[in-house]
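A short worksheet on the structure shown next.
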Amino acid sequence: MVVRYCRARLGRVSGQYHIADDVAQEVCIAVLSALPRYRDMGRPFASFVFGIASHKVADALRSSVRSAVPTQDLPDGPDDGPGPEETVVRYIEVEHARRLLARLPENQRELLLLRVVSGLSAEETGNVLGMSPGAVRVAQHRALARLRQMAELESA
Amino acid sequence: MTQERTGAGPAPEDESDALLDALGRGEPPPHDDPAARLLAALRADACRDGGMVEDGMSARTWDDGVTRTGDGGASPVGQRRSSVSMTPST
């Protein structure tokens, strides 16, 4: 869930998720480091994890440097991945999603990512964002309606 | 500004909640909901390349909802797939 969250927030660089995956790793290390200080306050553990993840992603966004990404040696063998056309179609659709999400208020964007990409429940999402479950339900409905409206406008 | 609901169906907020729950589990999006399709695509992309499939539902979405829908019917995925099938063999 953390990896997916970081990937959705940070996106690809040079076609890869290296930076997002590195941040996800940092999140896991930070969670492990913070565990001794963790106290069960009745909130889902996920809210503790994604609270850390949110900060790590924000740090990464602030210090994002689109530098060259070191890669391993050139692959020598068949590529089992999708073909170039399918890859491009996927890429376009995902970038479209990112572009529209970027036009949402940050809170709504974060809410949708936590609900869909990370798969958190409304209650868990509310705990991460400091919202009541009822407020989450209203906000997510508005966010979805707005996203739907933007998508339909662009496709019209 | 709230609207009074007179029907017996679920409230719009409940429908959105159920939809987001389903997308969060990796279930295929409704064909006629562009926002749901985009969110599902984003989720599927975040699951790729790192073996991030977490359960059977995610795997099903990966196989059936994004890349390998076999019905070729009204599914937008089917439309994408048809373009892929035009890849020349030589």
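Values for this structure:
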{"quantity": "Test: residue in segment A:40-50 that is at pLDDT below 85, of a type in the set (D, E, K, R) and over 21 Å from the mean Cα position of the chain (by Cα)", "calculated": "yes"}
{"quantity": "Failed criterion for A:Val69 (all others in (1) in contact with a helix residue (DSSP H, G or I) (Cβ under 7 Å, 6 or more places away or on another chain); (2) closer than 21 Å to A:Ile19 by Cβ; (3) modelled with pLDDT of 90 or more hold)", "calculated": "(3)"}
{"quantity": "In segment A:24-61, residue farthest from A:Val3 (Cα to Cα) [restricted to those that are touching a residue at least 60 places away in the same chain (Cβ under 8 Å) and among the hydroxyl-bearing types (Ser, Thr, Tyr)]", "calculated": "A:Ser47"}
{"quantity": "Out of A:Ala60, A:Ala24, A:Ala34, A:Ala30, sole residue that is open to solvent by less than 60 Å² (accessible area, probe 1.4 Å), closer than 15 Å to A:Val117 by Cα and not acidic (Asp, Glu)", "calculated": "A:Ala24"}
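The values are calculated or read from the model by the stated rules, or taken from the named source; none is laboratory data. None of the values given here were measured: they were computed from a predicted structure. As a convention, Cβ positions derive from the backbone with ideal geometry for all residues, glycine included, and neighbour counts pool all protein chains shown. The accessibility values were calculated without ligands, DNA or RNA, using every heavy atom of the protein model including side chains. Shrake-Rupley method; radii C 1.70, N 1.55, O 1.52, S 1.80 Å.
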